[in-house]
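Quick note: the coordinates plus some simple rules give every number you see, no bench work behind them. Remember, predicted model here, so these are calculated numbers, not experimental data. Neighbour counts run over all protein chains shown; Cβ positions are idealised from the backbone, glycine included.
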Amino acid sequence: MRYNRLTRTDRTRTMKLPARLFAPALLACALFALPAMAAEGFRSERPVVDLSADASLPAANDLFVASLYLERDGREPAALAEAVNREIAAALATARERKDVKVQSDGTHTWPIHGKDGRQIEGWRMRSAIRLESRDAGAMSALIGTLQSRLAVAQIGMQPAPETRRKVADEAVVAAIRNFEQRADVIASALGKRYRLRELSVSEAGGAPVHARMRSAPAMMAEASPAPIEAGETLVNVSVSGSIELID
């Protein structure tokens with residue numbers, strides 16, 4: 001009887017052949033099985049409840065804000081722009097002398113003036129504005145009175161300063177979360193369950209600032225000082241929404 005002797009290389013090749021054939025199939029099975037195992041592992045059969053709560057706290061209107069503007073007409077756009085820019089530059093220089101008042105440009109707009117036929121351009125109108133901010137109402141009032149020799153007042157208002165709003169918003173967030181927890185407790189207790197927080201989101205909104213809209217430019221130029229307004233408060237609203245998972 002004859003036996004075929006296999007060399008070491010032949011034996012190695014013979015043993016590796018099945019692995020090469022079945023490796024792709026095994027890998028494919030594993031890839032299909034992993035998502036199913038993951039989904040099965042993270043799937044929750046417990047009830048989930050969506051709910052929301054909010055809180056509103058008053059923030060003092062401690063920042064005085066005013067918008068002043070200059071509006072002129074002219075036939076030549078370049079000459080009109082030069083005249084308006086000169087007046088605005090002078091107003092800004094005057095305002096910068098008051099260290100307790102913050103001043104900045106607030107936009108410039110130019111548009112054509114059409115004739116009676118509505119097609120032919122007969123001139124141009126230019127409007128340029130500045131914005132004033134201060135926590136000192138007396139300093140703001142005095143500066144506005146000075147600037148009224150050049151500019152008209154568009155509006156005057158009060159709103160919370162950024163640091164005031166931030167402080168009140170943080171307090172409102174805490175209050176809204178407490179309200180959310182209280183509502184979650186009520187729901188879970190009514191169903192005879194405990195709960196676990198799943199998701200939570202927080203959003204903030206503020207009320208409109210107090211404004212005193214002023215009269216037209218000619219009337220305002222004749223006034224010595226702007227009309228007084230009551231500072232009051234602005235409500236800062238915070239909403240909390242999320243979901244809870246009920247557990248035994």
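How high is the FRET efficiency between residue 75 and residue 96 when r is their beta carbon distance and R₀ equals 30 Å, given to the nearest 0.05?
Taking R0 as 30 Å, the efficiency between residue 75 and residue 96 is 0.40.
In the range 62-193, if the dipole is taken from +1 on Lys/Arg beta carbons and -1 on Asp/Glu beta carbons about the Cα centre, which of 147, 121, 101 is farthest to the positive end?
121
So for each of 170-182, 115-127 I average, over its residues, the number of other beta carbons within 10 Å; can you give me the resulting order with the highest mean first?
On the way: 170-182: 16.9, 115-127: 11.5.
My ranking of the peptides, most packed first, is 170-182, 115-127.
Taking N as the number of residues in the range 110-174, what is its alpha-carbon radius of gyration divided by 2.2 N^0.38 Å?
Numbers: Rg = 20.1 Å, N = 65, 2.2 N^0.38 = 10.7 Å.
Cα-based Rg divided by the globular estimate yields 1.87.
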